[in-house]
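Take a look at the structure set out below.
Read-outs: derived from the displayed coordinates by stated rules, not from any lab. Keep in mind it's a predicted model, so treat the numbers as computed, not measured. Glycine gets a Cβ as well: all are built from the backbone with ideal geometry, and neighbour counts include every protein chain shown.
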Amino acid sequence: MISNRKDDHLNFAAAQQREERARTDWDEVRLLHHGLAGIDASDVDISTSLPGDIRWPLPFYINGMTGGTETTGKVNAALAEAAAETGIAMATGSMSIYLRDESVLPTFRVLRDKNPHGFVMGNLSADATPDQARRVVEALEANALQIHINSVQETVMPEGSRGFGSWAENIASVVESTPVPVIVKEVGFGMSRETVALLAELGVSIADAAGNGGTNFARVENDRRAGKDYAFLADFGQSAAASLLDATTLPAETPRPALLASGGVRNPYDVIRGLSLGARAVGVAGTFLHTVLGESGVEANAAGTKRLIEQVNDWRDRLIEMYAMFGAATTRQLSETDVMIGGELAETARLRGVNLAFLANRRSFRR
Ligand code: FNR
C-alpha cells in the first residue's frame, strides 16, 4: 500500500535522524579563513536567484518529503506554517498517490492553503506524464515542480520499479509542457557531471544534486524488507559535495542547469559549504523533519512548527554573519571563496579530474 509506504518513510527517516551522526563529506569542505576579508553584515544580501525569474529570500529550502496520509498531512501542515512565517521555499513529497486517489489532496494542498503567497513546489517521479505534471501544478498552484530520479531507491524498495529506460524522454516532455520551472532532483545518491549535462540537453534549467550523507533511502527501503537483502548498498552513491565538484569538470562551453545541493545538511555552515561549491541554494529534509517531530518523533504539532520557525530564523541570522565573515556580499560571491577539500572527498574529486588547487586559491586567481 502506497499510503503505508509514506508513513514508513517518515518513521524510518525520522529514526535515522535520532542516530549518532557519522562524519560526512560536508566535513571535508573547509573554507579558508582570511582575517581581513570581512565586510559589514549590513551589506550582506543572502537571497538567491534561479532560472525562471525565481528569487528566494533564503539560500536554503525545505526539500520534498511527504503527504498522502493523515500523519504525513500533519507534518506538511507544520512545515507549511513555518514556511509561511519565515518565507522559506518548500516542496511536497511525491504526489503520485494523489494521481491515484484525489481524496488525499488536502494533505498536499495544505502547503498552499497555509502559505498563499509562498514558493511552493510539487513533486512527482520521472515516470510522470505531461498531463499528470500539469494536474499536480494546478492542484497546488505550484511555483515549480520537482521531478525525482530515484533508481537506487526503487531498486531496494520491496515494491519498487525496475524500469528506468524511459525517464530521460519523459523528463524532456514534462519540461516542455509544464508551465512552471521543472527541477530534477535525486533523492540522496548524488549526480554525476554526465547526468547534469544530459539534464541540460533535456531542457532542464534547475537540478538538485541530492547526495548521500543524510537521509539514506537505500537503508530506509532495506529496513522495509523482511530479509534486509540490500544492506550492501547502504553506502552507495555520491555526496552533494562530490556532485558539485564533479560538475566543475564540465568544459566551460557545456550547457548545464543551475545546481541546487542537498543531502545531510545539518547546520548553516553546511549551507555555506554547498554555496561555496557553486550551489545556488541548499535543500534540507531530514534535519527539519527532526525539528518538527522533536526527539520523540511521534507527531507534528504547534510546538514543532514553533521550533522550526526559530531554527529557520536562526540559520538566516547565522548565514548573514558568516557571509560577512567570509567577505561575501551576495550568495554568488560565496562561490569565489577559497575552499579546501580533504579526506575521501578529495580522493573522489581527484579521480574525476577536479582541480582542487584552483578551488583552494580562487581569491588569488581572481586578482
Ligand atoms: C524524502 N525525500 C523525497 N524526495 C522526493 O523527491 N520525493 C519524495 O517523495 C521524498 N520523500 C521523502 C520522505 C522523507 C520522510 C524524507 C526525509 C525525504 C528525499 C529528500 O527530498 C532528500 O533528497 C533526501 O532526504 C536527502 O536530504 P536530507 O534528508 O539528508 O536533508
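Annotation: average projected area of region 258-367 is 8.5 square nanometres, based on the convex hull of Cα atoms across all directions.
Which of rounded, prolate or oblate describes region 118-217 when judged by the alpha-carbon gyration tensor and an a/c cut-off of 1.5? Rounded shape, in that the Cα axes give a/c under 1.5.
When the chain is fully extended, how far beyond the present Cα-Cα distance does Thr129 get from Ser161, taking 0.36 nm per residue of separation? Display every interim value, and only then the final one.
Details: separation 32, 0.36 × 32 = 11.52 nm, distance 1.63 nm.
Working it through step by step, the gained length comes to 9.9 nm.
Positive contributions from Lys and Arg (+1) and negative ones from Asp and Glu (-1), summed over other residues with Cβ under 15 Å from the Cβ of Gly263, come out at -2. Its Cα gyration tensor gives region 34-79 an equivalent ellipsoid; the semi-axes, largest first and in whole Å, are 35, 15, 9. Each part reduced to its alpha carbon centroid, region 174-231 and region 1-40 end up 16 Å apart.
How big is the convex hull of the Cα atoms of the chain, per residue, in Å³?
About 134 Å³ per residue, rounded to a whole number.
Just to be sure I understand the curve: with the Debye formula and one point per C-alpha of region 182-237, what is log10 I(q)/I(0) at q = 0.13, 0.14, 0.18, 0.27 Å⁻¹? Treating every Cα as an identical point scatterer, log10 I(q)/I(0) equals -0.41, -0.46, -0.65, -0.98.
In a DSSP loop and with at most 14 other Cβ atoms within 10 Å, the GluC sites (Glu not before Pro) in region 205-296 are Glu253, Glu295. Proximity of backbone amide H atoms, modeled 1.01 Å from N, is registered between His148 and Leu124, Ser125, Ala126, Lys185 at under 5 Å, excluding neighbours fewer than 5 places apart on the same chain.
For region 110-174, the list of GluC sites (Glu not before Pro) that fall in a loop by DSSP and count at most 16 other C-beta atoms within 10 angstrom reads Glu141, Glu159. Let me check against my output: what whole-number percent is the relative contact order of region 45-87, with C-alpha pairs under 8 Å and at least 6 apart? Relative contact order comes out at 25 percent. Loop-located trypsin sites (Lys or Arg not before Pro) across region 218-323 with a Cβ neighbour count of 12 or fewer within 10 Å are Lys228, with loop assigned by DSSP.
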